[in-house]
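Worksheet for the structure shown next.
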């Protein structure tokens with residue numbers, strides 16, 4: 001007998017709501033406080049029907065027009081305080097950095113990490129692991145000029161990969177992702193991979209697939225209703241299968257490192273962590289154990305691969321869409337660097353327009369529009385409210401980058417946002433691609449170096465041409481959304497750069 005016709009949408013919603021109530025009802029209430037006002041939530045589902053899960057940040061920005069720069073939204077049964085605009089985000093994450101330094105609820109990652117690693121731990125564990133990671137990565141050159149040669153070398157490998165196409169149209173994203181990933185692999189694993197290495201390609205496929213699913217409606221719904229989504233079929237389950245494969249890959253590297261570890265000559269981040277584990281093996285309260293190493297390594301690998309490679313991807317798209325901008329960058333490269341040597345970090349201070357373009361690209365795309373959720377570490381007074389300890393906070397970084405009080409005509413792509421009246425580079429406190437405060441991205445310095453060196457090296461050797469018409473100018477056009485509008489490119493080498501002249505058409 002077919003009962004499908006008897007299942008009405010209202011009945012289905014009622015059943016799901018009851019299930020959500022049962023699964024989430026055990027979480028307990030928060031301390032009383034004085035939370036900011038916001039839209040009235042429905043039982044169980046909160047404000048879900050007022051949001052577009054496919055573009056959550058746009059919905060939250062829209063709500064701020066009615067409720068102001070700080071308001072409360074309910075995602076399922078949990079309240080989140082939303083910070084919108086430069087002033088609100090700065091006052092919280094910078095001026096009250098310690099109070100807003102907790103990591104908020106992120107179920108899609110918590111199911112995998114269980115609070116281990118750096119990105120999703122809290123309290124003393126987070127502080128100890130972060131201090132260790134910062135010092136260790138610094139020792140291996142991350143964020144300093146000593147890693148410059150490694151990036152330059154990888155950029156040349158990437159150039160050779162591009163040359164193999166012979167100017168035919170192709171999608172550059174996969175080789176770019178491999179190049180970026182190889183830099184963090186050298187620091188964490190102590191080795192780089194050939195671009196055709198099967199295991200390496202499989203690993204990056206898992207990483208890219210997870211990023212896409214987590215950015216989709218399935219990932220958003222999982223973060224709102226994790227217990228419910230665990231029971232429902234859908235592509236979100238692939239996230240955890242991929243995570244497990246990544247965990248196995250990292251665990252195998254750790255086992256190999258353990259076999260030939262020399263405590264007097266650590267080769268990479270994993271070696272340093274293993275040495276610290278041995279030093280503290282008698283301490284039952286130590287945060288240095290194998291599972292924490294696996295998750296910390298995963299955090300570094302994921303963070304050091306996906307966002308930088310995606311930023312470079314959108315750099316290509318934007319430069320194709322704005323050929324006049326690309327022409328000026330080419331001119332600056334020709335004038336400052338020329339054809340005879342690879343770009344270096346010292347060139348940046350002599351290339352204000354290129355630096356402005358790179359910052360404007362990151363502002364314009366706002367690749368992590370909602371950042372990662374924060375939480376207050378104590379009962380926190382903020383703008384006349386009292387946020388109870390543990391309150392989840394969403395810092396809308398996209399609203400900072402599109403704040404009209406900070407950037408003229410923010411919906412338009414305009415490198416002049418980072419140039420003064422004399423054409424010199426001008427920084428902005430409202431430039432927050434790596435999220436400000438105590439939780440600023442560990443790899444921010446490395447990412448800045450990679451974006452500059454990879455892109456200038458590519459543009460030194462090639463020009464970029466779309467094979468289809470570029471996306472539209474509106475900020476909600478597909479190009480403005482990572483994951484959309486990715487035409488193949490025709491990448492051509494210039495016929496000559498002799499004499500150091502300018503080449504607008506290369």
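Values as computed for the structure displayed
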read-out: The chain: angle of helix 352-365 to the longest principal axis, Cα-based, in degrees nearest 10; value: 30
read-out: Proportion of all alpha-carbon pairs of the stretch 64-144 beyond 16 Å (%); value: 67
read-out: Most to least packed among 373-384, 404-415 [average Cβ atoms within 10 Å]; value: 373-384, 404-415
read-out: Extension gain, residue 335 back to residue 66 (0.36 nm per residue minus Cα-Cα distance, nm); value: 91.9 nm
read-out: The chain: calculated mean residue ellipticity at 222 nm from DSSP helix runs of at least 4, using -39500 (n - 2.57); value: -15000 deg cm²/dmol
read-out: Sites residue 416 and residue 259 - FRET efficiency at Förster radius 60 Å, r taken between beta-carbons, to 0.05; value: 0.60
read-out: Cα pair distances of the chain binned at 10 Å [whole percent]; value: 4, 18, 28, 26, 17, 7, 1, 0, 0
read-out: Zone residues, the stretch 228-255, relative to residue 202, backbone N less than 18 Å from point 7 Å out along Cα-to-Cβ; value: 238-255
read-out: Peptide ranges 96-105, 296-305 listed from the most packed, as the mean C-beta count within 10 angstrom indicates; value: 296-305, 96-105
read-out: Rounded, prolate or oblate (a/c below 1.5 giving rounded, otherwise prolate when a/b exceeds b/c) for the stretch 90-137 by Cα gyration tensor; value: oblate
read-out: Rounded, prolate or oblate (a/c below 1.5 giving rounded, otherwise prolate when a/b exceeds b/c) for the stretch 357-453 by Cα gyration tensor; value: prolate
read-out: Point-to-point label distance, residue 440-residue 98, nm (Cα→Cβ direction, 7 Å offset); value: 1.8
read-out: Extended-chain gain in nm, criterion 0.36 nm per residue less alpha-carbon gap, residue 215 and residue 156; value: 18.1 nm
read-out: Sites residue 279 and residue 191, calculated FRET efficiency, Cβ-Cβ separation with R0 25 Å, nearest 0.05; value: 0.50
read-out: For 183, 400, 108, order by how many other beta-carbon atoms lie within 10 Å, fewest first; value: 108, 183, 400
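We did not get these values from a lab; they are worked out from the coordinates using the rules stated. All values reported here derive from a predicted model rather than from experimental measurement. Methodologically, a virtual Cβ is constructed for each residue, glycine included, from the backbone with ideal geometry; neighbour enumeration extends over all protein chains shown.
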